[in-house]
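Written below as structure tokens is the structure these notes are about.
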Amino acid sequence: MKNLLSILIFCFILFIGIKAECLAQTKIEIDSLDSKNNFKSSSCDTIKTIRNPFNKGNFIAWQDLVKGRISGVQITPYDGSPGANFSIIMRGAASLNRDEQPLIYLNDMPITFGSDEFGNLLSTINPKDIDSIQFLKNASETVAFGAGAHNGVILINMKEASTRKKLDISFTNAASFSFRKNQIDVLNSDEYRSEMINFLEGNQEDLNLLGNSDTDWQDEVYRTGFGRDHHLSAAGNINKFKYRLGIGLSNKDGVLKKSNYKRNSIHLNISKEFFNSLQLTFNANLSDSQENVGNKEAISDAYSFDPTLPANENSGAYYYHEHYGRWYSMNPLWRINNSKNKLNTKQEYWQLNAKYNLPFIDGLALSGLLSKNITDADRITAFEYSENNYSFYNSEDTHYRSNTNLQKIKLDYDLKLNGFVSKLIGGIYYQNQTIREEFERNLEYGESIIKEWFRPKGELKSYGGMFDIEFLDKYTIGTVYRRNKAKDSDYHIDYSGVYFSWNLGKEGFLNTSSLFDEFTLRASYGLHGKSNIKNKYLVPERHHSTNIGIDFSSFNHRLSTSIEYYHLKHKNVIGLIQIAAGSGYSNSILRNIGYISNKGIELSVFAEPIVSKQLKWLLQFNASYNKNELDRFKANDINHLSLPGNYCITSKLIGQIDT
């Protein structure tokens, strides 16, 4: 069965820098994983890295820094409030019943998006302290990160001390204004009154409820938001003791009244080298944020509430209909000011990294990592309603706390040679990750009080390795492997990938060409989710990825182009199937129901038309085409399938598969 969704994404971004000697080099780089991540570098990796300066603006969340900069990556905020959560999808959806967000790492520490209930937990990271953001999309790059990495991986690298001075202080102060670009065209008071007279057809009781005002309710609920951001950093290098401290204060109002986001943040990086062979690095990222969320139901009320009525009565009280149930909407301003929705979030990231270059073998290094992430979030929502002799109050107090610990030990080998084999890269690692969560909710609806809580915990052990060999300084082949195993379980899940690259720029027929500075052909294949779990009703999803790409640059690297074709096959897709009432504890059940296929082409172009001491003109263009197909569903399940809103099945069943 094939019927589906084709998505064409087209982005064009223009960057102009005046007095460019004050700016760092800006470009989309084709990078490779380094020792800060799971493995050493490989010439086959195609990680796209965005470095400072990022997108310009007084941003709360890091996602705004890179929006529109990477082909095949869709970054969409759920709404326009400051601190709102984001959806990030790389190369289309891969599942019907699971989160499609990529994995995100902050300096090697996995972090979580969090549920919409607790806002955007990633907004606790101050964009001013970010050095670079890397996007991994191909399977040969992502298999080293295990479960969930088939959706892609994003690596956020925080700033480190790079100055040679003993003390370097920087202070930035930014202000911004936010406003609605346009508004929904609705009936004014005269048009509304005329329509209601025709609709009510002489019903004088209801006609008497119409007023004599001319109120634009959208003007009543929206405003111009003001934002301010202050950031102070101090960095230095004293006898190979490097340090950087960043302190940030952010405060931003939303365009919806009573919406606001405040954040206080501290980032600390310390590193010290001993004996020219031992490197110790300590990172800490602390934040405390408060978010007030305006009542978003007031937005729909502003589109439908009676414009003939005033916002307030003569007494100053909010105006509302006595016959509310007949009019199906509330005074929007009254709804906003009688609602409370406040979120307090504290985040802590602690990390200690040690790397030792072993003296008895050139290129061999041993490293260890200890990381801790603590999230503490409280949300309080309340709404009070009072009319005549009737009053109603409900509230919800929700607390979430998570404690994630990661320990990793890794052995890397990186050696350049002269001869037929020109480079060897290898690595093995073992890591243990534990997470403990606490969730508690207290609900009060009128006179009813309800309490909910759960405290799940889990432990995951992983080990893996990679091997990369380069021939004649132009041919590279390699493989990556990882295995995940939960504590006290006999089951495991494997992840593996292979890759190849050919540097045609070093071949004789292109080496003498003046057209290309570099020209590389690459290909990779990866498999996520192979396991020894045997269950005829439900098995883990398996994700197959094939990628072919070319990268080339011209005009002394001032024009760089990357073109890539990918084909992703997601097998054993898990979906929610409706079953007959009374046949189980629920009327739905999870089953493996079919395949999803994603195909697409991505294009990225970066150009520097003008580079001088006075002016730097940078151009970036990217475009992507992605086609998603829901395919090969079981005949007995297709008529009972529950799909999320992004999917629609309209074609007829033309075949089936058997298991």
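Accessible surface for the range 156-299, divided over its residues, is 57 Å² per residue with a 1.4 Å probe.
Ignoring any ligand, DNA or RNA, what whole percent of the accessible area of the range 171-301 comes from carbon and sulfur when the probe is 1.4 angstrom? If you can, show how the numbers build up before the last one.
Working: 3890 of 7220 Å².
Its accessible area is 54 percent carbon and sulfur atoms.
Could you sort the peptides 240-247, 624-631 by per-residue average Cβ neighbour count (10 Å cutoff), highest mean leading? Intermediate results must be reported in sequence, preceding the final value.
Numbers: 240-247: 18.0, 624-631: 20.4.
Per-residue mean Cβ counts within 10 Å order the peptides as 624-631, 240-247.
Backbone amide hydrogens, once placed in the peptide plane, bring residue 594 within less than 5 Å of 572, 573, excluding anything fewer than 5 places away on its chain. Within the accessible area of the range 58-168, the carbon and sulfur atoms contribute 46%, probe 1.4 Å, all protein chains present. Computed over the range 469-576, relative contact order equals 21 percent, with contacts defined as Cα pairs under 8 Å that lie 6+ residues apart.
At an R0 of 60 angstrom, the distance between the Cβ atoms of residue 79 and residue 272 translates into a FRET efficiency of 0.85. Counted residue by residue at 0.36 nm each, then reduced by the alpha carbon distance between them, the extension gain from residue 611 to residue 444 reaches 53.8 nm.
Stretched out fully, how many nm does the piece from residue 500 to residue 175 gain, at 0.36 nm a residue minus the Cα gap?
On the way: separation 325, 0.36 × 325 = 117.00 nm, distance 4.81 nm.
Between residue 500 and residue 175, full extension yields 112.2 nm more.
Accessible area ranking (1.4 Å probe, heavy atoms, ligands and nucleic acids excluded), largest first, for 455, 263: 455, 263.
Accessible area per residue, 1.4 Å probe, Å², for the range 474-554: what's the number?
Values: 4230 Å² over 81 residues.
About 52 Å² of surface per residue is accessible.
Multiplying the residue separation of residue 197 and residue 234 by 0.36 nm and subtracting their alpha-carbon distance yields 6.5 nm.
Modelled spin-label separation between residue 515 and residue 303, with each label point placed 7 Å from Cα along the Cα-to-Cβ direction: 5.3 nm. Once R0 is set to 45 Å, what does the formula 1/(1 + (r/R0)^6) return for the Cβ-Cβ distance between residue 557 and residue 288, expressed as a FRET efficiency to the nearest 0.05? E between residue 557 and residue 288, to the nearest 0.05, is 0.55. For residue 457, the lysines whose Cα falls under 26 Å of its own Cα, not counting residues fewer than eight places away in the same chain, are 346, 372, 408, 410, 485, 487, 530, 534. For the range 356-376, backbone nitrogen atoms closer than 17 Å to the point 7 Å from residue 411 Cα along Cα-to-C-beta are found at 356-369. Measuring r between the beta carbons of residue 469 and residue 548 and using R0 = 22 Å, the FRET efficiency lands at 0.60.
The values are calculated or read from the model by the stated rules, or taken from the named source; none is laboratory data. Remember, it's a predicted structure, so these values are computed and weren't measured experimentally. In this analysis, Cβ positions are derived from the backbone assuming ideal geometry, glycine residues included, and neighbour counts consider all displayed protein chains. Quick note on the areas: whole protein, heavy atoms, side chains included, nothing else; ligands and nucleic acids left out. Shrake-Rupley method; radii C 1.70, N 1.55, O 1.52, S 1.80 Å.
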